[in-house]
Structures are given as structure tokens and as C-alpha cells.
1. Looking only at the range 109-121, filter to residues that are open to solvent by 10 Å² or more (accessible area, probe 1.4 Å) and hydrophobic (A, V, I, L, M, F, W, C); which one of those is farthest from Leu13 (Cα to Cα)?
2. Go through the range 44-65 and report how many residues are over 21 Å from Ala83 (Cα atoms) and out of contact with any helix residue (DSSP H, G or I) (no Cβ under 6 Å at 6 or more places or on another chain).
3. When Leu182 is evaluated against the numbered criteria (1) open to solvent by less than 20 Å² (accessible area, probe 1.4 Å); (2) under 14 Å from Asn118 (Cβ atoms), which criterion, by number, is the only one it fails?
4. Count, please, the residues in the range 15-73 that happen to be open to solvent by less than 60 Å² (accessible area, probe 1.4 Å) and modelled with pLDDT under 95.
5. Just for strands (runs of 3 or more DSSP E) wholly inside the range 1-105: which have at least 2 residues that are among the charged types (D, E, K, R), out of contact with any strand residue (DSSP E or B) (no Cβ under 8 Å at 6 or more places or on another chain) and closer than 20 Å to Ala140 by Cα?
6. Between a first residue in the range 69-93 that is under 16 Å from Val53 (Cβ atoms) and without any contact (Cβ under 8 Å) to a residue 40 or more places away in the chain and a second residue that is among the β-branched types (Val, Ile, Thr) and open to solvent by less than 20 Å² (accessible area, probe 1.4 Å), which pairs have beta carbons less than 8 Å apart while being 6 or more apart in sequence or on different chains?
7. Taking the range 138-173 as the search range and keeping residues that are of a type outside the set (Gly, Ala, Ser), over 19 Å from Gly55 (Cβ atoms) and within 15 Å of the chain's Cα centre (by Cα), which one is surrounded by the most Cβ atoms within 10 Å (Cβ to Cβ)?
8. Quick check on the range 30-88: of everything there that is under 16 Å from the mean Cα position of the chain (by Cα) and of a type in the set (Lys, Arg), which residue is farthest from Leu182 (Cα to Cα)?
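The values are calculated or read from the model by the stated rules, or taken from the named source; none is laboratory data. Because the structure is a prediction, the values reported are computed rather than measured. FYI the Cβ positions are ideal-geometry reconstructions off the backbone, even for glycines, and counts take in every protein chain you see. Only protein heavy atoms, including side chains, enter the accessible area calculation; ligands, DNA and RNA are left aside. Shrake-Rupley method; radii C 1.70, N 1.55, O 1.52, S 1.80 Å.
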Amino acid sequence: MFISSLASASTLLVMGDSLSAAYNLRQQDGWVSLLKNQLSQSHPEIDIINASVSGETTQGGLSRFNDLLTTHKPNLVLLELGANDALRGYPLDQTTRNLEKMVEQAHVNGALVLLIGNQIPQNYGKRYTEMFFNLYKNIATKYDIAYMPFMLEGVALNKDLMQKDGLHPNKDGQPIVLQNILPYLKPLLGRVK
């Protein structure tokens, strides 16, 4: 019995920044913890590892990623990085290369990937913000992976759902972020069972 339960176990690795690390909130109020609670009922065989770090860039994520893959052996990776690169004005080709390397490493380790895109404020200039938004779709198309354009849909522009910094969802916004992600995540959960 013990061996068969191990054989059917799956691991979901969340690789993100402050948007997935429950920034300025209690961990249990963040969307990843809310997902854990929900999946413990519907998919008890899935273990969720939240490796998200506030302030993380794609370079920082890439430097940690291989060790995380080796340690946790995930079947599925939610890759939510890049916003901090853009907010710091890093070259987008560098961000793209880092994300592509993580997708490639996940695939080598047999993990499915859900790439979660992001948007940055318009004051960074129309050209840069559009190129940043589109880089996620381009990566998803190149590697034929699942792609979610924007996790803060219906949250980012609602002051009642955002923290005072205007960048991070508050406690009330977290369940909506989760509801945004679930339609993209559920088909993948069926593939790793």
C-alpha cells in the first residue's frame, strides 16, 4: 500500500516572485496556500512546493532552479517570473533566455510547465511593455507549453483588491488570483495523475 501511494504521488513546483510568495501577507492567505487547501480535497496525491521568493528575477530563479528540480522532482512547474526583470529595466532578451532555460530544464526532468505571463505599468513605455507582455506568449508557442497571459486579471486595477503599493494583491485579491489560474492549471493536473 505504501509503495503504490508513493508511485501515484505528484509534485507541483511553484517558481515565482512576490506575486506567488504572499508578499506582505500571512503565508496561508496567499494564492498558493489557497491552492494547497483546494487540491488537498480534490487531488490529495499532489504535493505543492512553493519556491517563490519576493524580489526574484529570472536570473535568480534560474540559478536555483536545477537544484529544486533535483530535490523535488516535480511533475508540473508553474513558472511565474519576469516582472522584477522588467521593473528593473533588464534587457528582455536576457529575461527570455532565462525563462527558456528553465522551461528546457523542466522538460529534461520530465515536468510539464504552465508559464504565467505578466504586465507592467504603462509608464515603462508602450514598446517595452508590449514586448514584455508578448515574450511569454512567444516562449509558450516556441516550446508548445501551457500559457496564462495575466494572473492579475480583474484584480490589478481594483484598488479594493490590491495592496497600497499597487503591485501586489491583498488578502481579498488572492482568491481571485487563484480562480484566474485554475482554468489553466486543471487540464495539466489531469495529465500528471
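1. Ile120
2. Matching residues across the range 44-65 total 2.
3. (2)
4. Matching residues across the range 15-73 total 4.
5. Fully inside the range 1-105 and qualifying: nothing.
6. Pairs that qualify, where the first residue is under 16 Å from Val53 (Cβ atoms) and without any contact (Cβ under 8 Å) to a residue 40 or more places away in the chain and the partner is among the β-branched types (Val, Ile, Thr) and open to solvent by less than 20 Å² (accessible area, probe 1.4 Å), are Asp85/Thr57; Asp85/Thr58; Asp85/Thr95; Leu87/Ile120; Arg88/Thr57.
7. Ile139
8. Arg64
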